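Read-outs throughout are calculated quantities, based only on the coordinates presented, and are distinct from any laboratory measurement. Keep in mind it's a predicted model, so treat the numbers as computed, not measured. No Cβ is skipped: glycine too gets one built from the backbone with ideal geometry, and neighbour counts run over all protein chains shown.
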Amino acid sequence: MANLDSVIETTFSALSDPTRCAVVKALSQGPAAVSKLAQPFDMALPSFTQHLAVLEDAGLISSERQGRTRICSLDPDALRRAEDWLATYRRQAEERLDRLEAHPDQQKKDNPDD
């Protein structure tokens, strides 16, 4: 479990930056060249590629050279792991809320004179 926690922590840390979230959003439309991904951002290319490195280190994206161009792709498995992790805690929270919601009814059944 500690290994999964580390992976999840790295994933959410990588996604905590608006630039990196925007890159993930852009790559959800399909693979793209680094130069195309960098266009909307007002930063030097070396700074932008540092953001890509964080995403790649977190396993959220992969990249490969095609000639002189570097193409980035989204790894949906990394997002699925984060989604599964969130779903686990969402279920637990929903179960607690359901029990809390049922509590007054149970109290009425247990204490009908109140």
Legend entry - Dipole magnitude of the chain about its Cα centre (Cβ charges: Lys, Arg +1; Asp, Glu -1), debye to nearest 20: 780 debye
Legend entry - the chain, relative contact order [Cα under 8 Å, separation at least 6], %: 26 percent
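Divide by every residue of the chain the summed helix terms, -39500 (n - 2.57) for each DSSP H run of at least 4, and state the resulting mean residue ellipticity at 222 nm, rounded to the nearest 500 deg cm²/dmol. Present the calculation step by step, with values, prior to reporting the outcome.
Values: 5 runs with 77 residues, N = 114.
It comes out at -22000 deg cm²/dmol, rounded to the nearest 500.
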Inset, instruction - Report the one residue of C21, L100, A38 whose Cα lies farthest in the direction of the positive end of the charge dipole of the chain (charges on C-beta: Lys and Arg +1, Asp and Glu -1; origin at the Cα centre). - result: A38
Inset, instruction - Could you point to the label whose value was computed as Cα Rg over 2.2 N^0.38 Å for the structure here, given [x] 1.63; [y] 1.21; [z] 1.38? - result: [x]
Inset, instruction - Considering only L74, L37, L86, give the residue with the highest GNM mean-square fluctuation for the chain, with springs between Cα atoms whenever their separation is below 10 Å. - result: L86
Inset, instruction - With springs connecting C-alpha atoms under 10 Å apart, model the chain as a Gaussian network and identify which of D42, D17, D84 has the largest mean-square fluctuation. - result: D42
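Quick test of the membrane-span-like rule: which DSSP H helices of the chain reach at least 15 Å along their long axis (C-alpha atoms) with mean Kyte hydropathy at least -1.0?
Values: long enough: 2-15 (20 Å, 0.66); 45-57 (18 Å, 0.26); 76-110 (49 Å, -1.77).
Helices meeting the criterion: 2-15, 45-57.
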